[in-house]
Amino acid sequence: MDILFLGCGYTAQRVAKSFLGMGARVTATTRNPQRLAGLGAEIIDAGDLPKHVRPGMLVLHSIPPDGPAGLLDPLRNKARRVVYLSSTAVYGAARVVNETTPVDASTERARARLEAEQAIAKGPWSSLILRPAAIYGPGRGVQESIQRGEHSLSDRFVSRIHVDDLAAHVEAALLSSINGAYPVADEEPCTSREIAEFCARLLNVPLAGTGGERAGRRVDGSAIRKALGITLAYPSYRVGIPAALL
């Protein structure tokens, strides 16, 4: 396998390690080469991308819309499949989301993501767009922010996905032939207050935080889990957060 990572951050690094363990050839762009030292991938600058795209490559695109322009051009007539990590921001004000929920381009953030999605969906390759809920795991999530007193204590519902489970979705997506766009989330949405209380008890820290956050939503990611044959390692924050602290 020959796999290209456009961006190799928190989630993509885990996917890259998995494929390297399978003996795949892995090429990755990054703004910070030192961060990927020792990964075992071929690290390149995004500006040199045309020199490194080979026919039949599988591509994970996880660079936000405000990243370098023109990244898709070198892929044309060479990439076999592109998986794009988008965001549930494309659903706008929707409070309950599943695979049938229409997108909402009424905000600048959503429009930027949707434009990126559309560019990939219209390409000459097979593609799948994953729209993850809030991503958490070691070093990232409520278990970290609550210790800084920065977490919201609102009663709005929020969905999330453990980074290892999202990486499993990405890996399966790259190797599949499924097309379209799907939300990704675990099985237990909860209010910001509920998860803050859980983390405060777990860590034995004061329950503190701010009142503001983005619009909350409950996300049902069961459709893509079933399509890709995914069984979540962390179906709930109740198991995912303790594991992230180990």
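The values are calculated or read from the model by the stated rules, or taken from the named source; none is laboratory data. What you see is a predicted model, and the numbers here were worked out from it, not measured in a lab. Quick reminder, even Gly has a Cβ in these numbers, built from the backbone with ideal geometry, and neighbours come from all protein chains shown. When the accessible area is computed, the model is the full protein with side chains, heavy atoms only, and any ligands, DNA or RNA have been set aside. Shrake-Rupley method; radii C 1.70, N 1.55, O 1.52, S 1.80 Å.
For the residues Pro102, Pro64, the requirement of being within 21 Å of Ser126 (Cα to Cα) and either touching a His at 6+ places or on another chain (Cβ under 8 Å) or of a type outside the set (Ser, Thr, Tyr) (or both) singles out Pro64. Before we move on, is Arg113 part of a helix (DSSP H, G or I) and buried (at least 16 other Cβ atoms within 10 Å of the Cβ)? When the stated conditions are applied, Arg113 passes them.
Kindly indicate the residue of segment 125-148 that is charged (D, E, K, R) and free of Cβ contacts under 8 Å to residues at least 40 places away in the same chain and also nearest to Leu202 (Cα to Cα) among those meeting that condition. Residue satisfying both the conditions and the ranking: Glu144.
Each row is one residue, and each column tells you yes or no for (1) free of Cβ contacts under 8 Å to residues at least 60 places away in the same chain; (2) touching a helix residue (DSSP H, G or I) at 6+ places or on another chain (Cβ under 6 Å).
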{"residue": "Ile3", "(1), (2)": "no, yes"}
{"residue": "Gly47", "(1), (2)": "yes, no"}
{"residue": "Leu58", "(1), (2)": "no, yes"}
{"residue": "Tyr84", "(1), (2)": "yes, yes"}
{"residue": "Thr100", "(1), (2)": "yes, no"}
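Scanning for something aromatic (Phe, Trp, Tyr) and closer than 28 Å to Gln118 by Cα, does segment 142-165 turn up at least one residue? No - not one qualifying residue is present in segment 142-165.
The residues on offer are Ser127, Ser154, Ser159, and the sole one that is at pLDDT below 95 and open to solvent by less than 40 Å² (accessible area, probe 1.4 Å) is Ser154. Could you grab me the full set of residues in segment 1-59 that are in contact with a Leu (Cβ under 8 Å, 6 or more places away or on another chain), at pLDDT below 95 and acidic (Asp, Glu)? If the condition is that a residue be in contact with a Leu (Cβ under 8 Å, 6 or more places away or on another chain), at pLDDT below 95 and acidic (Asp, Glu), then no residue fits. Residues that are over 26 Å from Arg81 (Cβ atoms) and not hydroxyl-bearing (Ser, Thr, Tyr) do not occur anywhere in segment 173-186.
For segment 131-141, residues that are touching a helix residue (DSSP H, G or I) at 6+ places or on another chain (Cβ under 6 Å) and surrounded by 18 or more Cβ atoms within 10 Å (Cβ to Cβ) total 5.
For every residue, the table says whether it meets (1) open to solvent by 30 Å² or more (accessible area, probe 1.4 Å); (2) free of Cβ contacts under 8 Å to residues at least 60 places away in the same chain; (3) among the β-branched types (Val, Ile, Thr).
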| residue | (1), (2), (3) |
| --- | --- |
| Ala79 | no, no, no |
| Gly123 | no, yes, no |
| Glu150 | yes, no, no |
| Glu171 | yes, no, no |
| Val184 | no, yes, yes |
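Of all the residues in segment 7-61, those that are under 20 Å from Leu75 (Cα atoms), open to solvent by 10 Å² or more (accessible area, probe 1.4 Å) and among the hydroxyl-bearing types (Ser, Thr, Tyr) number 1.
Counting only residues that are in contact with a Gly (Cβ under 8 Å, 6 or more places away or on another chain) and of a type in the set (A, V, I, L, M, F, W, C), segment 152-192 holds 8 of them.
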